[in-house]
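The values are calculated or read from the model by the stated rules, or taken from the named source; none is laboratory data. The structure presented is a predicted model; accordingly, all values stated were derived computationally and were not measured. When we count neighbours, we look across all protein chains shown, and the Cβ atoms used for this are built from the backbone with ideal geometry, even at glycine. Side chains are part of the model used for accessible areas, which takes the heavy atoms of the whole protein and leaves out ligands, DNA and RNA. Shrake-Rupley method; radii C 1.70, N 1.55, O 1.52, S 1.80 Å.
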Amino acid sequence: MNYISTEDHVEKILFVGLSQSGKTSIIQVVFEGILPESTLKNQATGRIKKKKIDFSGKIISVFEVGGQIPFLEESFSNFKESVYSDVKNLIFVIDSSQRHHFLKALYYYNQACSLALEYNNNAKITILAHKIDLVAEEKKSEILNEIKSTFNVGKTFDSVMFQTSIYDETIFEVISSIDV
Ligand SMILES: Nc1nc2c(ncn2[C@@H]2O[C@H](COP(=O)(O)OP(=O)(O)OP(=O)(O)O)[C@@H](O)[C@H]2O)c(=O)[nH]1
Ligand SMILES: [Mg+2]
């Protein structure tokens, strides 16, 4: 008899991005019902955090790679397989208000996407132009275009991009639209 445990069917969503980009906050607000204001004092995530979450009745596995550089680096070496194998959705989070960090983020984005696709060539890649609430209205389209061109959205990898904030409905809309 072939017995497959439910564990084998749990789908994996992986959050990657520089430190302070907002990964833990997104997980807390969308999956754990925490108020946006309560994320203000979040501490940096150490190494890799994983959680099983009941998302509208479906159990999913949510991984976050701490965005401080040593944690990103070790995710590509020591923890490569446990982090990047079997990813259904890779969510790369960018702090839209920190344009001087875009190129640095790109370096890690390229590695994370390459690895996730190496293990699963059907992995879906979503870029969040996050914290968009911090960008002045008249600067928004310029910043979004800059992210789009820097990350070569839809070209280098088959990625899609959305603008999001934990302070409005955008983050819920985007995460709900992702096929988790
Ligand atoms: N204005 C604004 N602030 C946000 C938003 N999302 C997150 N933050 C804030 O950004 C800060 C850092 O958030 P975290 O979620 O801890 O960032 P992180 O990406 O998990 O950082 P590491 O764990 O170090 O990788 C917190 O103070 C949050 O309140 C957003 O959409 N808008
Ligand atoms: Mg974190």
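Observations on the structure shown:
- For the chain, the dipole from Cβ point charges (+1 on Lys and Arg, -1 on Asp and Glu) about the Cα centre works out to 340 debye, to the nearest 20.
- The string of couplings for the stretch 109-121 from the Karplus curve (6.51, -1.76, 1.60, θ = phi - 60°) is 4, 4, 5, 4, 5, 4, 5, 4, 6, 5, 7, 8, 6 Hz, one whole number per residue in order, with x for Gly and Pro.
- Sequence-distant residues sharing a close amide H with Gln163 (under 5 Å, placed H): Ala129
- For the stretch 62-68, 3J(HN,Hα) per residue [Karplus equation, 6.51 cos²θ - 1.76 cosθ + 1.60, θ = phi - 60°, Hz, x = Gly/Pro]: 10, 10, 10, 8, x, x, 5
- Rg followed by Dmax, in Å, when the chain is reduced to its Cα trace: 15.8, 63
- Estimated 222 nm signal from helices in the chain, with DSSP H stretches of n ≥ 4 weighted -39500 (n - 2.57), rounded to 500: -8500 deg cm²/dmol
- Cα-based helix-to-principal-axis angle, 140-150 vs the chain, degrees rounded to 10: 50
- Across Lys58/Lys104; Lys52/Lys140; Lys50/Lys124; Lys49/Lys124, pairs whose alpha-carbon gap is larger than 30 Å: Lys58/Lys104; Lys52/Lys140
- Carbon + sulfur, % of accessible area of the chain - ligands and nucleic acids excluded, 1.4 Å: 50
- 1.4 Å probe accessible area per residue over the chain, in Å²: 53
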